[in-house]
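The values are calculated or read from the model by the stated rules, or taken from the named source; none is laboratory data. Computed from a prediction, not measured in an experiment: that's the story for all the values here. No Cβ is skipped: glycine too gets one built from the backbone with ideal geometry, and neighbour counts run over all protein chains shown. Keep in mind that these areas ignore ligands, DNA and RNA; they rest on the heavy atoms of the full protein, side chains included. Shrake-Rupley method; radii C 1.70, N 1.55, O 1.52, S 1.80 Å.
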Amino acid sequence: DLAPIHDPIAIMTIRGARSRLPVPHVAAFGTAFHATLPEGALRYHFCHPLVQEVAYQTQLESQRASAHARLAQSLEKDYPAAPGAEPHELAVPIAHHWHAAGDWAKAGHWSFLAGRFLATHDVSQAGRVYEQAVSAFDRAPDSPEVLRGRIASRAGLVRMSQFIEIPQQCLDQL
């Protein structure tokens, strides 16, 4: 059972990871909610965030990238981005995992979709995610799809500039 502060995206991510990754899983949750549970109801050992960070950093970079790629692939299978379909909120964590995996074309694609989703939900975050899309597409090898993504992500960022403050330096680089 999860604390009420955990959103559906986190739950779907945890379930997807458990079903597809054949490694032990550790979850850490806020302890304030769990302190109110009756004794014996706790089923998890909660790790300090520093312990999580140390565990993450002790993995080889290639292992971390591979794990992020597998998570992104898993989420993509469950929530594919159909051409022309409205973007889903899961575009945000999928983009994050492709960024961490270092697959710049996919990171740009999913960041662009995340920006489209956030443009109607949180415009300040949409601008940040469009900037990430621009950066990822710029790092990706040239292809027709990447070139379209470079243009579309820049257009999204310019579109967001009418709603939020985008540094002039960033706009000049477009």
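Of (1) open to solvent by 50 Å² or more (accessible area, probe 1.4 Å); (2) within 16 Å of the chain's Cα centre (by Cα), residue 165 satisfies all except one. Which?
In the conditions (1) open to solvent by 50 Å² or more (accessible area, probe 1.4 Å); (2) within 16 Å of the chain's Cα centre (by Cα), residue 165 misses (2) alone.
Any residue at all in segment 113-128 that's among the β-branched types (Val, Ile, Thr), touching a residue at least 24 places away in the same chain (Cβ under 8 Å) and open to solvent by less than 40 Å² (accessible area, probe 1.4 Å)?
First pass over segment 113-128, keeping only residues among the β-branched types (Val, Ile, Thr): 120, 123.
So of that shortlist, the ones also touching a residue at least 24 places away in the same chain (Cβ under 8 Å) come out as 123.
Now drop any that are not open to solvent by less than 40 Å² (accessible area, probe 1.4 Å), which leaves none.
No; the residues of segment 113-128 include none that is among the β-branched types (Val, Ile, Thr), touching a residue at least 24 places away in the same chain (Cβ under 8 Å) and open to solvent by less than 40 Å² (accessible area, probe 1.4 Å).
Residues to consider are 105, 82, 100; find the one that is hydrophobic (A, V, I, L, M, F, W, C), over 13 Å from the mean Cα position of the chain (by Cα), under 23 Å from residue 63 (Cα atoms) and surrounded by fewer than 19 Cβ atoms within 10 Å (Cβ to Cβ).
Numbers: 82 fails: under 23 Å from residue 63 (Cα atoms); 100 fails: over 13 Å from the mean Cα position of the chain (by Cα).
Answer to the check: 105.
Taking the residues in segment 113-166 that are modelled with pLDDT under 90 and of a type in the set (Gly, Ala, Ser) as candidates, determine which candidate is farthest from residue 82 (Cα to Cα).
161
So, residue 116, is that one in contact with a Pro (Cβ under 7 Å, 6 or more places away or on another chain), farther than 20 Å from residue 68 by Cβ and assigned to a helix (DSSP H, G or I) or not? Before you say what the answer is, go through the steps one by one.
Values: in contact with a Pro (Cβ under 7 Å, 6 or more places away or on another chain): yes; farther than 20 Å from residue 68 by Cβ: yes; assigned to a helix (DSSP H, G or I): yes.
Yes, satisfied.
Among the helices (runs of 4 or more DSSP H) contained in segment 1-112, which hold 2 or more residues that are at pLDDT below 75? Even if it seems obvious, please write down each step before you answer.
Numbers: elements: 8-20, 31-34, 49-57, 61-78, 91-101.
Output list reads 8-20, 31-34, 49-57.
For residue 151, indicate whether it is closer than 30 Å to residue 21 by Cα and aliphatic (A, V, I, L, M).
On the way: closer than 30 Å to residue 21 by Cα: no; aliphatic (A, V, I, L, M): yes.
So residue 151 does not fit the description; no.
Go through segment 108-125 and give me each residue that's over 14 Å from residue 90 (Cα atoms) and within 13 Å of the chain's Cα centre (by Cα).
Result: 108, 125.
What's the total number of residues in segment 129-149 that are open to solvent by less than 30 Å² (accessible area, probe 1.4 Å) and in a helix (DSSP H, G or I)? Reasoning before the result, please.
So in segment 129-149, the residues open to solvent by less than 30 Å² (accessible area, probe 1.4 Å) come out as 129-130, 133-134, 136-137, 140, 146, 149.
Among the residues that remain, those that are also in a helix (DSSP H, G or I) are: 129-130, 133-134, 136-137, 146, 149.
Counting residues in segment 129-149 that are open to solvent by less than 30 Å² (accessible area, probe 1.4 Å) and in a helix (DSSP H, G or I) gives 8.
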